[in-house]
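The values are calculated or read from the model by the stated rules, or taken from the named source; none is laboratory data. All values derive from a computational prediction rather than experimental measurement. Cβ atoms come from the backbone with ideal geometry, glycine included; neighbour counts cover every protein chain shown.
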Amino acid sequence: MVGRVEEVGVAEPVVVASGVRKAFRNPQGGAPVIAVDDVHFTANAGEVTAITGPSGSGKSTLLQILAGLDRPDQGTVRIADQEITGLGDRALSKLRRRRLGFVFQSFNLIGSLSARDNIALPIELDGRDVDEERLEELAASLGLTDRLDHFPGQLSGGQQQRVAVARALLIDPDVVFADEPTGALDPDAAIRLTDLLVALAHKLGQAVVVVSHDPTVAERSDRVYRMSSGLLTEVMPDRLARGARS
């Protein structure tokens with residue numbers, strides 16, 4: 001793997017949310033639907049932080065707020081050294097392009113572009129030159145060297161997901177946000193992707209925030225939050241809970 005190669009020492013907060021609340025108009029009338037209710041959240045460098053919970057619990061809405069894709073009604077979100085909830089749309093777009101990486105369940109690859117061009121696309125759209133050496137190193141570390149000239153339709157689901165991960169990492173982001181990243185993968189590919197996310201955090205020092213139903217993701221995470229009806233609670237990861245009970 002490339003990028004931050006040193007082992008992580010003292011964990012530093014990279015994403016901090018305080019008192020975040022988000023409500024939506026009730027389509028059937030009556031009181032608004034509270035999707036995120038006074039949430040406090042922290043994700044550290046060098047750690048995988050999982051947000052789990054049933055469908056409709058508010059976890060995807062929370063991820064969008066943490067990543068600057070939506071704005072809270074109340075509360076604040078800080079990414080590294082910058083409070084983002086007061087930023088304008090242009091500043092938010094620049095921050096997302098240059099400091100945040102995104103990995104989604106649907107991959108969001110463009111079928112008419114090669115894997116190489118999909119990886120480079122966000123930087124090119126930002127008007128910057130692509131670091132071809134770093135792209136090649138990322139591809140090698142993800143086992144994609146011989147797939148860079150292939151189109152998404154010529155790649156397996158796991159390979160497409162690794163292209164999406166390479167695209168997220170090419171900018172060397174402060175944090176990688178992943179929304180149900182294993183949802184479209186078979187069990188073996190899901191395990192490999194989970195191992196990759198853990199390696200990003202533990203070996204490269206990335207902060208990785210994952211929304212997932214997958215118990216494997218929660219099992220391997222360093223910090224786990226559970227969300228229910230808009231409320232967020234931090235819980236002990238299963239692997240640590242088992243150790244505490246033994």
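Worth a mention:
- Any hit, the range 70-86, residues being over 21 Å from the mean Cα position of the chain (by Cα), over 19 Å from Val103 (Cβ atoms) and of a type outside the set (Gly, Ala, Ser): yes
- Answer residue from the range 161-194, given it is modelled with pLDDT under 90 and among the small types (Gly, Ala, Ser) and is nearest to Gly53 (Cα to Cα) among those: Gly183
- Residues satisfying the stated conditions in the range 155-170, i.e. outside any helix (DSSP H, G or I) and either surrounded by 24 or more Cβ atoms within 10 Å (Cβ to Cβ) or touching a residue at least 40 places away in the same chain (Cβ under 8 Å) (or both): Leu155, Leu170
- Residues in the range 129-154 that are charged (D, E, K, R) and exposed (fewer than 13 other Cβ atoms within 10 Å of the Cβ): 5 in all.
- When every residue of the range 110-120 is checked against the conditions, at least one turns out to be among the hydrophobic types (A, V, I, L, M, F, W, C), surrounded by 14 or more Cβ atoms within 10 Å (Cβ to Cβ) and under 11 Å from Leu170 (Cβ atoms).
- Assessment of the range 56-69 against the conditions (in contact (Cβ under 8 Å) with a residue 12 or more places away in the chain and among the basic types (Lys, Arg)) yields at least one matching residue.
- Within the range 138-150, residues that are within 22 Å of Pro173 (Cβ to Cβ) have Cβ atoms under 8 Å from residues that are small (Gly, Ala, Ser) and not in a helix (DSSP H, G or I) in these pairs: Leu148/Ser114, counting only partners at least 6 apart in sequence or on another chain.
- Annotation: of all residues in the range 178-189 being hydrophobic (A, V, I, L, M, F, W, C) and not in a strand (DSSP E or B), the one that is surrounded by the fewest Cβ atoms within 10 Å (Cβ to Cβ) is Ala184.
- Elements of type strands (runs of 3 or more DSSP E) in the range 190-239, at least 2 residues being surrounded by fewer than 22 Cβ atoms within 10 Å (Cβ to Cβ): 223-228, 231-235
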